[in-house]
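A.B. asks: Shown below is the structure under consideration.
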Amino acid sequence: KGDEANVTGRTFRSEWYRLSLADGRTGFVLKSFLEEKQSGPVVGDALLDCTECPELIAARAAYDRGDFAEAQNKFRPLAEKGDAIAQFFMGVMFHYGESLTQDYAKAAEWYSKSAYQGDADAQALLGSMYYYGLGVAQDHAVAARWFHKSADQGNAIGQYYLGYSYETGEGVGQDFAM
């Protein structure tokens with residue numbers, strides 16, 4: 001974030017838009033973002049560097065192959081033990097009905113577990129669940145708080161949605177200033 005955006009300790013719409021565009025993501029369709037994220041360097045590099053987590057690597061490999069049943073069987077025990085990445089992927093699979101019945105409430109529950117551990121992707125997607133009222137009561141203020149947590153970590157989706165929230169005044173005071 002540029003210093004010019006931190007007027008009174010807040011970062012406003014135009015700065016968040018600039019940051020999200022600088023990150024190179026302009027589509028902002030969550031499914032497209034997830035496809036890019038899951039095969040891209042953000043999670044990929046973390047897993048490649050993870051020599052002590054073969055179960056997580058195997059689960060991710062199954063997911064990448066499109067074998068969602070195997071991925072779910074491998075992610076679930078890790079997620080239940082508290083692994084934030086596995087919790088995120090459980091959320092994704094419930095969100096989109098990959099090997100599981102689509103269930104927005106369960107998706108939000110898994111995203112929440114991961115988000116509270118600081119996973120920026122889960123924070124952004126949990127924010128979107130609150131923004132659209134998917135599986136949780138619609139609450140733009142809660143959504144904006146999750147977008148802000150995600151955006152502060154450099155997450156492009158969180159940055160975009162936070163900027164949009166400031167533009168529309170949904171969940172935060174409308175503010176066009178930088």
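A.B. asks: Checking the structure you have, find out if any residue of the stretch 137-153 is of a type in the set (Lys, Arg), under 15 Å from Glu170 (Cβ atoms) and more than 10 Å from the chain's Cα centre (by Cα).
C.D. replies: Within the stretch 137-153, one or more residues are of a type in the set (Lys, Arg), under 15 Å from Glu170 (Cβ atoms) and more than 10 Å from the chain's Cα centre (by Cα).
A.B. asks: What's the total number of residues in the stretch 97-123 that are among the polar types (S, T, N, Q), surrounded by fewer than 17 Cβ atoms within 10 Å (Cβ to Cβ) and part of a helix (DSSP H, G or I)? Before the answer, list the steps.
C.D. replies: Narrowing the stretch 97-123 to residues among the polar types (S, T, N, Q): 99, 101-102, 112, 114, 117, 123.
The next check asks that each one be surrounded by fewer than 17 Cβ atoms within 10 Å (Cβ to Cβ); those that pass are 101-102, 117.
If we keep only those that are part of a helix (DSSP H, G or I) too, we end up with none.
The qualifying residues number 0.
A.B. asks: So which residues in the stretch 98-151 are in contact with a Ser or Thr (Cβ under 7 Å, 6 or more places away or on another chain) and among the aromatic types (Phe, Trp, Tyr), if there are any at all?
C.D. replies: Phe147
A.B. asks: May I ask you to verify whether Phe68 is among the aromatic types (Phe, Trp, Tyr), buried (at least 16 other Cβ atoms within 10 Å of the Cβ), closer than 23 Å to Leu134 by Cα and under 18 Å from the mean Cα position of the chain (by Cα)?
C.D. replies: No, not satisfied.
A.B. asks: Are any residues in the stretch 71-96 open to solvent by less than 20 Å² (accessible area, probe 1.4 Å) and of a type in the set (A, V, I, L, M, F, W, C), and if so, which ones?
C.D. replies: Once the filter is applied, which keeps residues that are open to solvent by less than 20 Å² (accessible area, probe 1.4 Å) and of a type in the set (A, V, I, L, M, F, W, C), the stretch 71-96 yields Ala71, Phe75, Ala79, Ala86, Phe88, Phe89, Met90, Val92, Met93, Phe94.
A.B. asks: In the stretch 136-178, how many residues are assigned to a loop (DSSP other than H, G, I, E, B) and surrounded by fewer than 24 Cβ atoms within 10 Å (Cβ to Cβ)?
C.D. replies: So the count comes out to 16.
The values are calculated or read from the model by the stated rules, or taken from the named source; none is laboratory data. If you're wondering where the values come from, they're calculated on a predicted model, not measured in any experiment. In this analysis, Cβ positions are derived from the backbone assuming ideal geometry, glycine residues included, and neighbour counts consider all displayed protein chains. Each accessible area value is taken on the protein alone, full model and side chains, heavy atoms only, with ligands, DNA and RNA left out. Shrake-Rupley method; radii C 1.70, N 1.55, O 1.52, S 1.80 Å.
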